[in-house]
1. When the range 227-261 is examined, which residues are found to be closer than 11 Å to Cys75 by Cβ, assigned to a helix (DSSP H, G or I) and within 13 Å of the chain's Cα centre (by Cα)?
2. Restricting attention to the range 347-365, report how many residues are more than 22 Å from Thr30 (Cβ to Cβ) and either among the small types (Gly, Ala, Ser) or at pLDDT below 90 (or both).
3. Just checking: which of the helices (runs of 4 or more DSSP H) contained wholly in the range 79-162 hold 1 or more residues that are modelled with pLDDT under 80 and over 22 Å from the mean Cα position of the chain (by Cα)?
4. Restricting the search to the range 416-450, which residues are farther than 20 Å from Met391 by Cβ and aliphatic (A, V, I, L, M)?
5. When you look at Ala60, is it of a type outside the set (Ser, Thr, Tyr), surrounded by 24 or more Cβ atoms within 10 Å (Cβ to Cβ) and part of a helix (DSSP H, G or I), yes or no?
6. Could you tell me whether any residue of the range 326-339 is over 16 Å from the mean Cα position of the chain (by Cα), in a helix (DSSP H, G or I) and of a type in the set (Ser, Thr, Tyr)?
Amino acid sequence: MRPTGPRIKNPAQLIAESGADLEGHGLNRTMGLFQLVCFGVGAIVGTGIFVGLSDSVAEAGPAVVVSFLLAAITCVLTAFAFAELGSAIPVSGSSYSFAYATLGERTAFLVGWCLLLEYGVSVSAVAVGWGQYLNELLDSLVGWQLPAALSSPPGDGGVVNIPAVVVIGLAALLLVRGIRESARATAAMAVVKLVVLVLFCAIAFTAFRSDNLSPFTAHGIAGVTSGASLAFFSYIGFDAITTAGEEVKNPRRNIPLAILICIGIVTLLYCTVAVAAIGALSADEVADQPAALSLIVDRVTESAFGGGIIAFGAVVAIASVVLAVMYGQTRILMSMSRDGLVPHVFEKVSPKTSTPVANTWIVALVFAVPAAVVPLDVVMNLTTIGTLAVMASVNIAVIALRRRYPDAETSFRVPLYPVVPALGVLFCLYLIWGTGWRTWLQFAVFLAAGALVYALYGRRNSRLGLRQAAAAEAPAATPEG
């Protein structure tokens with residue numbers, strides 16, 4: 001007899017199962033609110049603003065500020081849903097665990113599959129941009145650069161991106177040492193890059209020309225939409241805060257607070273940087289410049305020294321994003337492994353460091369390959385659409401949470417429910433529309449592959465499914481007489 005009920009885990013069950021892995025070694029709660037906010041900022045601010053700004057400007061022109069605001073609104077609407085779900089289900093699986101508790105196992109697996117794009121593939125996308133700013137830094141310090149064939153994105157003068165592989169390896173090395181060390185490093189790097197971006201704004205505003213903002217919507221509404229879809233990449237990572245659910249002190253309070261604080265800080269910063277950049281240099285000059293911020297400071301100061309400082313900030317910023325996003329990917333795979341949906345090796349935690357060592361090195365090796373050889377625009381577009389699909393599912397999940405578990409314990413509730421999550425879904429779909437049909441097709445193929453993996457491996461090895469099957473067969477196994 002096969003079980004007919006849905007494969008859903010309630011929040012209490014997820015929290016209970018997250019207490020320790022099968023080996024008896026759990027994760028340690030060592031992160032406070034400040035460290036969590038720094039972790040969130042560390043996961044967000046990086047390639048998107050230091051490298052991707054020029055791509056957004058190329059699409060939207062001076063109206064790129066509106067593009068950043070549209071992307072921010074999408075994130076804010078979804079951030080409310082993440083905050084409620086993160087306080088109700090404070091475990092490591094983030095969107096995957098939220099979907100498992102509300103929408104069922106099949107949807108949860110596909111959400112986890114999409115998270116490979118948001119976290120795993122975005123590691124590749126973020127790492128790709130590291131070499132360009134590393135060259136800017138080396139040039140300002142010693143007047144020497146790595147060969148373009150070994151440091152530029154493939155398809156943009158590069159053949160194999162060695163710095164991308166190096167930064168992924170360094171992040172993995174730090175992550176396996178322990179979450180306390182990783183959190184301290186992320187906090188320090190977050191402070192450095194915020195200071196550098198504030199310094200950039202201070203320098204760029206000294207050369208501000210209002211004429212550079214006209215015509216404001218040079219490429220029309222379609223350009224603003226495309227720019228918003230690209231700008232959204234700059235916000236990817238704020239939900240990584242919810243992957244730290246098992247390593248945060250007082251998670252029901254600190255997770256919602258950290259999410260909303262991070263979105264506020266980053267939105268203000270991005271819009272200010274965008275206005276400063278275009279005000280100092282015209283949109284046409286900023287467009288398609290991979291190290292645009294360094295170029296602007298060099299032009300304004302008429303010296304390579306200022307650009308070198310910006311390049312240093314970018315090197316630190318991108319490294320911190322790689323660190324934080326790799327952390328998130330390993331914790332999601334750990335949650336999926338606990339459920340039997342991916343192999344057992346991903347849930348093993350080292351008793352010495354309390355970190356998933358094998359998991360971390362596998363993630364590093366797998367995603368170093370696309371970082372080395374795949375063009376940046378392909379990786380960024382896939383990451384964006386995968387993240388938007390996950391965010392749409394999170395907004396749906398918070399509606400399902402209210403209906404399925406009306407008495408769930410939570411320290412935060414989405415305001416203006418259900419209008420806000422409904423708007424969150426619509427804004428996600430709007431930005432998905434802006435990614436273009438080629439990205440839709442690539443994503444459809446990726447989803448079909450995920451559905452096949454679930455059918456052939458995940459469904460058969462699901463621990464919840466095996467328990468349900470055993471419970472359904474138990475009466476028939478009772479001896480007669």
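1. Phe232, Ser234, Tyr235, Phe238, Asp239, Ile259
2. Qualifying residue count for the region: 1.
3. 130-142, 148-151
4. Across the range 416-450, the qualifying residues are Leu441, Val445, Ala448, Ala449.
5. Numbers: of a type outside the set (Ser, Thr, Tyr): yes; surrounded by 24 or more Cβ atoms within 10 Å (Cβ to Cβ): yes; part of a helix (DSSP H, G or I): yes.
In short, yes.
6. yes
Quick grid of which residues meet (1) in contact with a Ser or Thr (Cβ under 7 Å, 6 or more places away or on another chain); (2) at pLDDT 90 or above; (3) in a helix (DSSP H, G or I):
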position: Ala397; (1), (2), (3): yes, yes, yes
position: Leu401; (1), (2), (3): yes, yes, yes
position: Asp407; (1), (2), (3): no, no, no
position: Phe412; (1), (2), (3): yes, no, no
position: Pro421; (1), (2), (3): no, yes, yes
position: Val425; (1), (2), (3): no, yes, yes
position: Trp440; (1), (2), (3): no, yes, yes
position: Gly458; (1), (2), (3): no, yes, yes
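Here is a yes/no grid of residues against (1) within 26 Å of Tyr235 (Cβ to Cβ); (2) surrounded by 24 or more Cβ atoms within 10 Å (Cβ to Cβ):
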| residue | (1), (2) |
| --- | --- |
| Cys114 | yes, yes |
| Ala125 | yes, yes |
| Tyr133 | yes, yes |
| Ser140 | no, no |
| Gly143 | no, no |
| Ala149 | no, no |
| Ser152 | yes, no |
| Val159 | no, no |
| Ala164 | yes, yes |
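The values are calculated or read from the model by the stated rules, or taken from the named source; none is laboratory data. What you see is a predicted model, and the numbers here were worked out from it, not measured in a lab. Neighbour counts are summed over all protein chains in view; Cβ atoms, including those assigned to glycine, are modelled from backbone coordinates with ideal geometry.
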